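To start, the structure itself, in structure tokens.
The values are calculated or read from the model by the stated rules, or taken from the named source; none is laboratory data. This is a predicted model, so every value here is computed, not measured. Virtual Cβ from ideal backbone geometry, glycine too; neighbours counted across all protein chains shown.
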């Protein structure tokens with residue numbers, strides 16, 4: 001039994017969506033179901049991803065129970081990145097318990113100063129009192145990644161400029177040159193404001209289905225094999241790990257290849273969940289990608305980084321990239337959460353069912 | 001779902017405040033105990049599922065900090081949070097992970113350290129448009145529904161007090177239980193402070209610091225690890241309309257729990273739950289709820305729950321002992337409470353219940369409950385389905 005991605009939906013990303021969280025999620029869910037050619041009645045179980053403190057709600061899944069069609073249905077809320085919710089959804093199908101699973105993730109960065117909130121996810125004894133947050137941890141990681149390389153900042157500026165150019169049309173990130181990036185203000189040295197993917201509001205949704213190998217999915221149109229996936233949690237304290245390497249992603253990638261079973265074909269498209277150019281370098285190294293892989297063809301998270309939904313949005317982007325290739329090839333989607341990439345998840349998508 | 005079983009359990013000492021440990025240390029106590037019970041080393045765990053209601057401690061993504069306590073570093077780790085059902089939902093997530101064919105052994109750890117936060121403030125952070133202005137928290141919410149339930153079913157304060165006495169008497173046999181009140185009487189309960197009519201202080205669960213862990217294993221691994229695996233015969237989740245006014249006579253109907261139980265009994269091949277279940281560990285945050293759950297779980301017909309407690313049917317020596325552990329009424333670290341229900345049910349199948357063991361227990365029920373909106377029902381058995 002294979003797990004297939006058969007429906008994709010997204011709301012946003014936008015700078016500041018005036019709608020409520022349930023309205024944004026409903027938009028994404030209706031899109032995914034329509035794409036799959038299914039209605040709510042066909043969904044056996046729902047997995048959602050949200051984080052209470054970011055939503056300002058206790059048990060934040062409550063707010064969207066109705067719009068995800070979960071009333072009197074099995075629903076699980078993963079308090080973490082959206083790609084984790086998708087991986088858990090795939091496990092629900094692989095367990096034999098369900099055939100069709102809806103997965104959603106949402107975030108609304110405009111509700112509150114996001115980076116300040118992230119300080120509440122840090123060790124309250126040794127880290128939080130220092131006044132650091134995820135942005136500061138990312139800056140520490142950038143510094144460690146650069147090492148003695150005097151060209152690092154210029155290289156990151158060039159990458160950011162390319163991603164901003166490719167993300168054009170989304171209306172969230174303003175295009176600019178590498179020079180503009182280097183002239184932008186420092187937000188946490190060595191990171192500059194235009195080096196950072198812009199935070200946004202939005203939601204992503206996918207439909208997963210059990211599919212016999214070689215079969216055509218029920219919607220008759222298309223389907224992508226959720227071929228292998230892995231996830232991992234690294235030590236919390238930045239001092240307890242090598243910040244210049246995403247070893248957690250290496251472990252997650254090894255698990256994904258193991259779960260895939262057969263040798264993984266060459267990766268045609270990669271959709272990393274990278275908020276900063278130095279993270280993209282860590283991602284490429286962890287997966288040992290060569291120049292044959294197209295990375296973030298639509299600008300990646302520079303088109304708008306939605307907290308919590310980011311990883312699921314990469315899965316949607318990777319699936320869209322394969323569809324645009326006429327249903328050919330192999331793609332990877334990536335999610336990360338926590339300070340300096342503490343949590344890592346990666347999934348392999350294949351056009352062949 | 002493929003066959004999986006609970007092969008180890010462990011829990012901490014639960015108390016009003018565990019000032020002697022940090023959150024990761026609290027989690028480590030339960031995780032280490034469960035691994036020891038299962039005969040596993042940390043390196044033999046393939047994945048970890050954590051359960052916690054983070055706003056009760058005023059945190060976000062607590063697994064990042066606390067994960068090390070659960071041996072999760074370098075491993076796949078998920079956190080599940082669905083209110084009061086967080087713990088049972090985490091257990092159900094682990095069942096599916098172990099059944100997926102990808103993970104052989106999965107550790108679940110639920111924890112809460114209420115003493116480091118303000119739970120009622122956390123509970124009041126509800127829908128900002130419709131619910132937050134009411135901000136009634138748990139007790140006010142219960143009081144509304146209980147008034148209606150007690151009125152329609154003719155439930156008396158005395159019957160509710162009998163539930164309180166049963167729970168605390170049972171807790172006295174459980175060395176882990178928070179409240180130790182072996183000599184509590186019905187008169188004591190009825191004389192306790194009124195919180196919101198008709199709910200009195202001793203009708204309510206406490207707020208506890210504590211953690212609980214279980215080890216879930218695939219069929220092959222379970223048979224090798226455990227002499228008496230607690231096989232998962234059913235694991236069902238149902239979520240309900242979240243707004244108080246959207247479901248008429250909410251506590252009377254408990255549609256989500258009723259439907260989850262119906263589906264779970266069907267999966268487990270149970271037709272007469274009162275006769276076929278040997279023991280039940282149900283998530284009863286307040287005495288009146290336990291009586292309502294008797295009806296929703298099919299232990300009795302509508303209107304007979306008061307009689308059930310009066311006749312002693314659910315006492316330790318009754319036909320169907322309910323909550324030998326003392327239940328949520330005696331111990332309530334919210335993120336762990338659902339895990340405790342599953343662990344205590346598994347403990348009965350393992351035959352390791354000590355003074356709270358129900359002799360010869362072979363089929364056990366565990367339930368989770370969250371704000372009337374969520375219900376989980378798990379059936380564990382000595383025999384695989």
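Tabulated data
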| quantity | calculated |
| --- | --- |
| Qualifying residue in the range B:72-85 (condition: farther than 27 Å from residue A:62 by Cα, in a helix (DSSP H, G or I) and free of Cβ contacts under 8 Å to residues at least 12 places away in the same chain) | no |
| For residue A:242: the one exception among (1) surrounded by fewer than 24 Cβ atoms within 10 Å (Cβ to Cβ); (2) not in a loop (DSSP other than H, G, I, E, B) | (2) |
| Exclusive hit being at pLDDT 95 or above and farther than 16 Å from residue A:246 by Cβ, set A:287, A:315, A:322 | A:315 |
| The listed residue being in contact with a strand residue (DSSP E or B) (Cβ under 9 Å, 6 or more places away or on another chain), under 23 Å from residue A:346 (Cβ atoms) and either within 13 Å of chain A (Cβ to nearest Cβ) or touching a residue at least 40 places away in the same chain (Cβ under 8 Å) (or both), out of B:107, B:40, B:35 | B:107 |
| Condition met for residue A:37 (in contact (Cβ under 8 Å) with a residue 40 or more places away in the chain and surrounded by fewer than 24 Cβ atoms within 10 Å (Cβ to Cβ)) | yes |
| Subset of the range B:12-23 [buried (at least 21 other Cβ atoms within 10 Å of the Cβ) and either over 17 Å from the mean Cα position of the chain (by Cα) or farther than 21 Å from residue B:208 by Cβ (or both)] | B:18, B:23 |
| Matching entry among A:117, A:140 (being touching a helix residue (DSSP H, G or I) at 6+ places or on another chain (Cβ under 6 Å), under 14 Å from residue B:59 (Cβ atoms) and assigned to a helix (DSSP H, G or I)) | A:117 |
| Test for residue B:256: is it closer than 25 Å to residue B:127 by Cβ, touching a strand residue (DSSP E or B) at 6+ places or on another chain (Cβ under 7 Å) and within 14 Å of chain A (Cβ to nearest Cβ) | yes |
| Single condition residue A:308 does not satisfy, out of (1) within 10 Å of the chain's Cα centre (by Cα); (2) part of a loop (DSSP other than H, G, I, E, B); (3) away from chain B (no Cβ under 14 Å) | (3) |
| Failed criterion for residue A:98 (all others in (1) in a loop (DSSP other than H, G, I, E, B); (2) within 7 Å of chain B (Cβ to nearest Cβ); (3) in contact with a strand residue (DSSP E or B) (Cβ under 7 Å, 6 or more places away or on another chain) hold) | (2) |
| Residue list for the range B:339-360, restricted to those being in contact with a strand residue (DSSP E or B) (Cβ under 8 Å, 6 or more places away or on another chain), more than 15 Å from residue B:216 (Cα to Cα) and surrounded by 22 or more Cβ atoms within 10 Å (Cβ to Cβ) | B:348 |
| The range B:243-252, residues that are in contact (Cβ under 8 Å) with a residue 24 or more places away in the chain and either away from chain A (no Cβ under 11 Å) or crowded, with 24+ Cβ neighbours inside 10 Å (or both) | B:244, B:249, B:250, B:251, B:252 |
| Criterion (in a helix (DSSP H, G or I) and either surrounded by fewer than 18 Cβ atoms within 10 Å (Cβ to Cβ) or touching a residue at least 24 places away in the same chain (Cβ under 8 Å) (or both)) met by exactly one of B:293, B:231 | B:293 |
| Scope the range A:10-25; condition within 21 Å of residue A:321 (Cβ to Cβ) and buried (at least 24 other Cβ atoms within 10 Å of the Cβ); matching residues | A:11, A:12, A:13 |
| Test: residue B:165 is more than 8 Å from every other protein chain (Cβ to nearest Cβ) and either assigned to a helix (DSSP H, G or I) or modelled with pLDDT under 95 (or both) | yes |
| Lone unmet requirement of (1) out of contact with any strand residue (DSSP E or B) (no Cβ under 7 Å at 6 or more places or on another chain); (2) at positive phi for residue B:28 | (2) |
| Residue in the range A:26-33 that is surrounded by fewer than 24 Cβ atoms within 10 Å (Cβ to Cβ), closer than 23 Å to residue A:198 by Cβ and in contact (Cβ under 8 Å) with a residue 24 or more places away in the chain present | yes |
| Selected residue [facing another protein chain (nearest Cβ under 7 Å), surrounded by fewer than 23 Cβ atoms within 10 Å (Cβ to Cβ) and either under 24 Å from residue A:117 (Cβ atoms) or touching a strand residue (DSSP E or B) at 6+ places or on another chain (Cβ under 8 Å) (or both)] from A:51, A:71 | A:71 |
| Complete set of residues in the range B:43-60 that are within 9 Å of another protein chain (Cβ to nearest Cβ), more than 20 Å from the chain's Cα centre (by Cα) and at pLDDT 95 or above | B:47 |
| Which numbered condition residue B:9 fails, given (1) in contact (Cβ under 8 Å) with a residue 24 or more places away in the chain; (2) outside any strand (DSSP E or B) | (2) |
| Meets criteria (part of a helix (DSSP H, G or I) and under 20 Å from the mean Cα position of the chain (by Cα)) for residue B:173 | no |
| Residue in the range A:172-188 that is more than 20 Å from residue A:299 (Cβ to Cβ), without any contact (Cβ under 8 Å) to a residue 60 or more places away in the chain, assigned to a helix (DSSP H, G or I) and away from chain B (no Cβ under 14 Å) present | yes |
| Unique residue being within 14 Å of chain A (Cβ to nearest Cβ), over 30 Å from residue B:18 (Cα atoms) and either at pLDDT 95 or above or in a loop (DSSP other than H, G, I, E, B) (or both) when the list is B:261, B:222 | B:261 |
| Residue among A:89, A:107 that is within 13 Å of chain B (Cβ to nearest Cβ), part of a strand (DSSP E or B) and either at pLDDT 95 or above or under 22 Å from residue B:240 (Cβ atoms) (or both) | A:107 |
| Lone qualifier among B:64, B:97 - being more than 27 Å from residue B:228 (Cα to Cα) and either within 9 Å of chain A (Cβ to nearest Cβ) or part of a helix (DSSP H, G or I) (or both) | B:64 |
| Some residue of the range A:53-60 being under 28 Å from residue A:97 (Cβ atoms) and modelled with pLDDT of 95 or more | no |
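Let's see how each residue does on (1) without any contact (Cβ under 8 Å) to a residue 60 or more places away in the chain; (2) surrounded by fewer than 20 Cβ atoms within 10 Å (Cβ to Cβ); (3) more than 13 Å from chain B (Cβ to nearest Cβ); (4) part of a loop (DSSP other than H, G, I, E, B):
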residue	(1), (2), (3), (4)
A:205	no, no, yes, no
A:228	no, no, no, no
A:258	yes, yes, no, no
A:266	no, yes, yes, yes
